Amino acid sequence: MTPLKPWILVVVAIVVGLVGVAANVFAMRSSAPTPVLPISALGSMAAIAIVTLVLGIRVFRWRTGHRSRMLDPIFAARTLVLAHACAYAGAVLLGWHGGVIADQVPLLSSRAGTPAVETALLMIAGGFVMVAIGFIVERFCRIPPEEGDEDEGLSEGGGRAPDTEGGLA
């Protein structure tokens with residue numbers, strides 16, 4: 001699996017942010033409420049982030065030598081996929097609520113401290129946390145280099161050995 005690329009997450013956040021601006025403009029014109037998640041969504045975001053982090057710590061502890069039994073490689077791969085999903089979900093939430101706030105900026109002087117803007121700011125902070133946990137857990141799931149690979153760099157067939165340093169589970 002390829003590692004997370006920060007620029008792809010930035011592109012996702014920007015594209016979703018533009019959609020968030022458009023949705024907010026549409027909501028304002030049709031006198032609908034501002035399209036932000038309710039504050040209770042922070043609980044779900046926190047649960048996802050905590051589960052991802054706990055599973056990542058289990059993989060990290062096994063990798064650093066705290067081994068009582070063999071780690072299931074499927075478990076490690078699923079943890080890595082969960083970390084990627086957490087990072088992408090955080091980028092989507094960050095972009096959407098960033099777009100809503102970007103459209104609300106001209107109106108902030110007339111409506112100081114609206115609850116929708118405060119909620120959107122909390123969702124942006126939660127999105128940042130989810131992206132950060134995604135990157136951290138991805139680091140936990142990296143496969144350490146094999147002992148023989150660093151010495152020679154050649155496989156038994158005489159060709160170049162595959163590079164496993166920094167590879168993902």
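Name every residue in region 34-50 that is closer than 17 Å to VAL137 by Cα and exposed (fewer than 14 other Cβ atoms within 10 Å of the Cβ), in order of residue number. Show your work before the answer.
Within region 34-50, the first condition is being closer than 17 Å to VAL137 by Cα, and the residues that meet it are 45-50.
Across region 34-50, the qualifying residues are ALA46, ALA47, ILE50.
Restricting LEU80, LEU55, LEU42 to those that are of a type in the set (A, V, I, L, M), in a helix (DSSP H, G or I) and in contact with a strand residue (DSSP E or B) (Cβ under 9 Å, 6 or more places away or on another chain) reduces the list to LEU80.
From the list PHE60, PHE75, pick out the single residue that is out of contact with any strand residue (DSSP E or B) (no Cβ under 6 Å at 6 or more places or on another chain), of a type outside the set (Ser, Thr, Tyr) and in contact (Cβ under 8 Å) with a residue 60 or more places away in the chain.
PHE60
What do you reckon, is ALA116 of a type in the set (A, V, I, L, M), more than 20 Å from TRP7 (Cβ to Cβ), modelled with pLDDT of 75 or more and assigned to a helix (DSSP H, G or I)? When the stated conditions are applied, ALA116 passes them.
Are any residues in region 20-56 touching a Phe, Trp or Tyr at 6+ places or on another chain (Cβ under 9 Å) and more than 30 Å from LEU71 (Cβ to Cβ), and if so, which ones? Within region 20-56, GLY20, ALA23, ALA32, PRO35, VAL36, LEU37 qualify.
Give the residue that is nearest to GLU138 (Cα to Cα), with candidates limited to residues of region 60-74 that are aliphatic (A, V, I, L, M) and modelled with pLDDT under 85. Only one residue fits best here, namely LEU71. Among residues of region 81-97 that are more than 13 Å from MET45 (Cβ to Cβ), those with a Cβ under 9 angstrom from a residue that is hydroxyl-bearing (Ser, Thr, Tyr) and buried (at least 21 other Cβ atoms within 10 Å of the Cβ), sequence gap 6+ or separate chain, pair up as LEU82/THR52; ALA83/THR52.
The values are calculated or read from the model by the stated rules, or taken from the named source; none is laboratory data. Note that this is a predicted model, so its numbers are computed, not measured. Virtual Cβ from ideal backbone geometry, glycine too; neighbours counted across all protein chains shown.
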